[in-house]
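Reviewing the structure listed below.
The values are calculated or read from the model by the stated rules, or taken from the named source; none is laboratory data. Bear in mind the structure is a predicted one, so any value in this text is a computation, not a measurement. Glycine gets a Cβ as well: all are built from the backbone with ideal geometry, and neighbour counts include every protein chain shown. When the accessible area is computed, the model is the full protein with side chains, heavy atoms only, and any ligands, DNA or RNA have been set aside. Shrake-Rupley method; radii C 1.70, N 1.55, O 1.52, S 1.80 Å.
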Amino acid sequence: MNNTIKVERARHNMSQSDLAEKAGVTRQTIYAIETKRFIPSTVLAFKLAEILKIEVTELFELEESDWE
């Protein structure tokens, strides 16, 4: 699953730690999501989208391989 978290964090001048604190997760979790090593739960995806003031469908996008 692709995501634009890093780009959106930059737009809001947030570090991984800042976003993690607001979302109630660790910085390592944010890093893992950004690098596509971890797919967040639906609840976390919506929290991140709300914090970053963007639609969840703009923050996360399914890849072709996600359909297989």
Among 39, 30, 54: highest mean-square fluctuation, GNM of the chain, C-alpha pairs under 10 Å = 54
When the Karplus curve 6.51 cos²θ - 1.76 cosθ + 1.60 is applied with θ = phi - 60°, which whole-Hz ³J(HN,Hα) does each residue of the stretch 45-58 get, with x for Gly and Pro?
-> 4, 5, 4, 4, 4, 5, 4, 8, 6, 8, 5, 4, 6, 8
Solvent-accessible area, 1.4 Å probe, carbon plus sulfur percent, for the chain = 50 percent
Farthest toward positive dipole pole in the chain [+1 Lys/Arg, -1 Asp/Glu at C-beta], among 42, 56, 12 = 12
